[in-house]
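Novice: Below is the structure I would like to discuss, written out as structure tokens.
Every number in this text was worked out from the coordinates using simple rules, so none of it is lab data. Everything numeric in this text was worked out from a predicted model, so none of it was measured. Glycine gets a Cβ as well: all are built from the backbone with ideal geometry, and neighbour counts include every protein chain shown.
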């Protein structure tokens with residue numbers, strides 16, 4: 001899955017004593033223990049209130065400064081705007097986040113109750129994530145996809161849901177389209193150290209954008225006045241031309257670009273600790289990837305027919321006639337999976353869950369999402385519907401995801417839909433604690449979805465030695481390979497071609513899928529480790545939870561307890577479920 005995590009604001013009230021000086025115990029030697037406890041309690045109440053106020057202000061500020069992401073999350077206040085990528089604004093935003101991070105770092109939280117300590121750790125890690133991007137990745141200056149992605153998402157976020165009348169969305173789209181040529185000029189000026197790989201992906205995306213703008217966008221051309229229609233067409237054509245010119249300019253500059261610029265092991269480890277709150281370093285992460293890749297590769301070999309792990313449409317009971325039939329066939333398997341979950345009491349499916357739909361992947365997203373991506377309801381969405389965008393149907397395709405979807409879509413459907421991403425993220429959106437509701441730990445999100453694949457297999461959804469079972473093994477095998485690629489690419493040990501070959505050899509992928517996977521790993525550091533590392537942590541937690549519960553253990557209860565906390569780091573969830581803070585202490589105590 002690839003999906004953005006967005007931030008929002010919530011009104012916090014009751015700060016009458018915020019900032020008021022508290023009595024110092026050292027100056028009051030005769031103070032009673034009861035008074036000391038009362039003062040300590042006041043300190044943490046005031047401190048926690050200050051934390052939530054800072055978070056509230058930050059989410060509101062971020063929403064306004066990243067209007068496209070706000071639209072994507074279902075907040076449509078600024079649908080007519082794009083991000084300002086002028087150097088002054090880039091620096092202003094970076095300084096704002098850094099100053100806020102320094103304030104949060106300075107907070108003394110050791111005496112706070114556990115729940116408030118957890119919120120402080122989570123909010124700090126959210127800020128660390130943004131600050132890391134500003135300090136280390138610097139994508140505004142190195143990654144042209146920053147600008148093509150902004151243009152693509154600017155329109156896509158207005159199209160994917162019918163949150164308002166077509167005319168209003170068309171007018172907002174017109175305003176964004178008008179701003180795109182200037183934004184792309186800002187991009188060309190900012191890209192002083194572009195990376196060749198990123199440039200190639202941006203070029204591919206820019207040159208694939210025409211169907212999104214010329215066809216999909218025009219579905220909003222309903223009820224426009226003649227002058228509004230003309231403005232839309234003019235702005236659209238200018239934006240498409242600007243994107244093509246952007247691609248042409250990048251192509252001219254490519255010979256002088258660096259192939260790839262790894263962040264290095266020290267930075268890689270910093271992100272693991274401070275953003276992901278992961279009690280592992282790069283070497284440990286890479287070792288887990290090798291172990292899990294070897295295990296699932298061997299399990300494939302133990303199948304009576306190892307070819308079952310390589311999806312083959314010829315084994316399918318029927319092959320869809322066209323794109324529409326393909327999407328319907330994919331979606332139709334969902335009900336049997338829901339029935340299985342309910343019959344076996346494997347997880348509680350909330351009543352508020354919306355529909356989960358399968359849609360065609362826009363071509364502009366194909367370069368870095370060869371398998372498609374899942375789009376859950378945003379944290380602000382009033383519409384609970386979610387989507388999984390899958391590549392264009394071709395029964396002769398060599399693409400792993402297409403072949404798997406034709407033969408048996410259930411493993412990937414479970415990962416992306418129910419009980420995977422769609423259900424888990426929908427539950428997370430309903431949390432009442434705003435800091436936790438806004439947190440989007442990718443290791444937990446992807447770990448849960450991957451865990452559910454094998455959980456459904458082992459609880460009996462798929463027959464032994466079936467193509468679905470083989471597919472589960474292959475999916476875990478190549479997720480293990482993802483770790484080696486991510487760690488070795490970003491620590492500078494492998495070239496991009498080595499990464500592609502490793503996906504093909506260790507992961508068992510075709511070249512098209514391998515190139516797309518490697519491109520995705522290069523473009524989104526640390527994301528590819530999320531699947532296996534998260535699953536590994538959940539499996540470890542499951543065993544310990546079972547031992548603690550003893551005769552009272554029930555698998556469905558574990559799943560409910562696990563996902564009711566939102567998309568939090570598993571070191572935090574371990575503290576919540578087992579009252580064991582050893583993992584998070586390891587993270588916070590290491591230098």
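Novice: To check my understanding: the extent here is largest minus smallest coordinate of the Cα atoms along each principal axis. What are those three numbers for the stretch 484-576, in Å, largest first?
Specialist: That gives 51, 23, 20 Å along the principal axes, largest extent first.
Novice: Another one. How much of the DSSP bridge set in the chain is antiparallel, in percent, rounded to the nearest 5? Kindly include the intermediate steps, with their values, before the conclusion.
Specialist: On the way: 3 of 10 bridges.
Antiparallel bridges: around 30 percent, rounded to the nearest 5.
Novice: Further question on the same structure: Show that you can apply the helix-only estimate: for the chain, add -39,500 (n - 2.57) for every DSSP H stretch of four or more residues, divide by all residues, and state [θ] at 222 nm to the nearest 500. Don't skip to the answer; put the middle values down first.
Specialist: Details: 25 runs with 349 residues, N = 591.
Value at 222 nm, helices only: -19000 deg cm²/dmol.
Novice: Here is a further query. Once you sort the root eigenvalues of the Cα gyration tensor of the stretch 297-420 as a ≥ b ≥ c, which label holds: rounded (a/c under 1.5), prolate (a/b larger than b/c) or oblate (the other case)?
Specialist: Values: a/c = 1.82, a/b = 1.24, b/c = 1.47.
Since a/c reaches 1.5 but b/c is at least a/b, the shape of the stretch 297-420 is classed as oblate.
Novice: Plugging the Kirkwood radius over Cα pairs into Stokes-Einstein for the stretch 31-137, at a temperature of 20 °C and a viscosity of 1.002 mPa s, what D comes out in µm²/s? Please report the intermediate quantities before stating the final value.
Specialist: On the way: Rh = 15.7 Å.
D, rounded to a whole number, is 136 µm²/s.
Novice: Next up: I need the Debye-formula profile for the stretch 142-256: one equal scatterer per C-alpha, no solvent, reported as log10 I(q)/I(0) at q = 0.24 1/Å, two decimals.
Specialist: The computed values of log10 I(q)/I(0) come out as -1.28.
Novice: For the chain, calculate the relative contact order in percent as a whole number, restricting contacts to Cα pairs under 8 Å that are 6 or more residues apart. Each step should come with its number before you reach the end.
Specialist: Numbers: 887 pairs, mean separation 95.9, N = 591.
RCO, the chain: 16 percent.
Novice: Let me ask something else about it. Hey, rough spin-label estimate for residue 99 and residue 333, points 7 angstrom out along Cα→Cβ, what's it come to in nanometres?
Specialist: 5.3
Novice: Over its Cα atoms, what ratio of radius of gyration to 2.2 N^0.38 Å does the stretch 228-286 give?
Specialist: Computed over Cα atoms of the stretch 228-286, the ratio equals 2.05.
Novice: If you find the alpha carbon centre of the stretch 568-586 and of the stretch 491-552, how far apart are they in angstrom?
Specialist: 22
Novice: In addition: Could you grab the Rg to Rh ratio for the chain? Cα atoms only, Kirkwood for Rh.
Specialist: Values: Rg = 24.5 Å, Rh = 25.3 Å.
Dividing the radius of gyration by the Kirkwood radius yields 0.97.
Novice: When you have a sec, figure out the Kirkwood radius of the stretch 233-372 from all distinct Cα pair distances and drop it here in Å to one decimal? Could you put the intermediate results ahead of the total?
Specialist: Numbers: mean 1/r = 0.0459 Å⁻¹.
By the Kirkwood definition, the hydrodynamic radius is 21.8 Å.
Novice: Hey, how many Å between the Cα centroid of the stretch 244-283 and the Cα centroid of the stretch 323-365?
Specialist: The stretch 244-283 and the stretch 323-365 have Cα centres spaced 34 Å from each other.
Novice: Please sort 523-535, 94-106 by packing, taking for each peptide the average over its residues of neighbouring beta carbons within 10 angstrom, highest first. Before the final figure, lay out the partial values.
Specialist: On the way: 523-535: 24.8, 94-106: 14.8.
Ranking the peptides 523-535, 94-106 by packing returns 523-535, 94-106.
Novice: At a Förster distance of 22 Å, what's the computed FRET efficiency of residue 221 paired with residue 248, Cβ-Cβ distance as r, to 0.05?
Specialist: 0.20
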